[in-house]
Amino acid sequence: MARYTGPDCRLCRREGMKLFLKGTKCFSEKCPFERRSYAPGQHGRVQRKLTEYGLRLREKQKAKRIYGVLERQFRRYFEIASKGKGVTGERLLQLLETRLDNVVYRLGWALSRDQARQIVSHGKIAVNGKRVNIPSYNVKPGDTVELIDKDLLPVQEAIETFGNRNVPSWLELDKENFKAKVLRLPKREEIDTPIQEQLIVEFYSR
């Protein structure tokens, strides 16, 4: 299972914005981005004007890093989105949002998508009553998602920290039983991830 294993905070600095990859650390004074908001590396402080290609590349990289997806898988998502019905950019975001690890994060059961990925890969989540340990598994409208281990410490910490997090309207959460139902695919206006998907479409369509 390929995944990025380097320092997460370096990614935030490279993109020039907080990507909230480290859970509670991103909201504390210990966040490296608060102290060094410039890009990493020897020439990180140098301000350069991005080219048209650079703008599109950075937007694609930002999306990959937010959702924790590597290049080959991200390109496959784009190919699926471009062949499907509807707007390619919106369909791409829907594929990323309906990943099981992202759904676990959206339900407030994890402090970050990385932690959600770990919870899924350890077999703590069931979809339609069957245990699923594939973080990239895409849920569909009508699917039920359930937490198997109700007393899992990371989940309890996430609930205590983000107890007031608003669950997206395309998901229906039963807080007491740690169950959720996928009502439908998310609409573009319901996806609050700061991504300009049209730039990604233009990047791959060049």
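The table for this structure:
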item	result
Among (1) of a type in the set (Asp, Glu); (2) without any contact (Cβ under 8 Å) to a residue 12 or more places away in the chain; (3) surrounded by 14 or more Cβ atoms within 10 Å (Cβ to Cβ), the one test that residue 146 misses	(2)
Unmet requirement for residue 79, which otherwise passes all of (1) surrounded by fewer than 20 Cβ atoms within 10 Å (Cβ to Cβ); (2) closer than 24 Å to residue 183 by Cα	(2)
Subset of the range 82-94 that is closer than 19 Å to residue 190 by Cβ and out of contact with any Ser or Thr (no Cβ under 9 Å at 6 or more places or on another chain) - its residue that is surrounded by the fewest Cβ atoms within 10 Å (Cβ to Cβ)	85
Extreme residue, farthest from residue 95 (Cα to Cα), among residues of the range 165-183 that are within 19 Å of the chain's Cα centre (by Cα) and surrounded by fewer than 12 Cβ atoms within 10 Å (Cβ to Cβ)	166
Output for the range 58-73, where each listed residue is farther than 15 Å from residue 198 by Cα and in a helix (DSSP H, G or I)	65, 66, 67, 71, 72, 73
Residue count, the range 54-71 (criterion: without any contact (Cβ under 8 Å) to a residue 12 or more places away in the chain and in contact with a Leu (Cβ under 8 Å, 6 or more places away or on another chain))	1
Residue, nearest to residue 160 (Cα to Cα), within the range 78-120, restricted to residues that are among the basic types (Lys, Arg) and not in a helix (DSSP H, G or I)	99
Only one of 72, 91, 76, 117 that is closer than 26 Å to residue 204 by Cα and touching a helix residue (DSSP H, G or I) at 6+ places or on another chain (Cβ under 7 Å)	91
Single residue of 132, 167 found to be within 24 Å of residue 74 (Cβ to Cβ) and outside the structural domain of residue 56 (by TED's automatic domain parsing)	132
Test: residue 35 is of a type in the set (D, E, K, R), modelled with pLDDT under 90 and under 15 Å from residue 198 (Cα atoms)	no
Residue 95, sole failed condition from (1) under 22 Å from residue 175 (Cβ atoms); (2) in contact (Cβ under 8 Å) with a residue 24 or more places away in the chain	(1)
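The values are calculated or read from the model by the stated rules, or taken from the named source; none is laboratory data. Note that the structure is predicted; figures quoted are calculated from it, not measured. Positions of Cβ are generated from backbone atoms using ideal geometry, with glycine treated the same way; all protein chains shown enter the neighbour counts.
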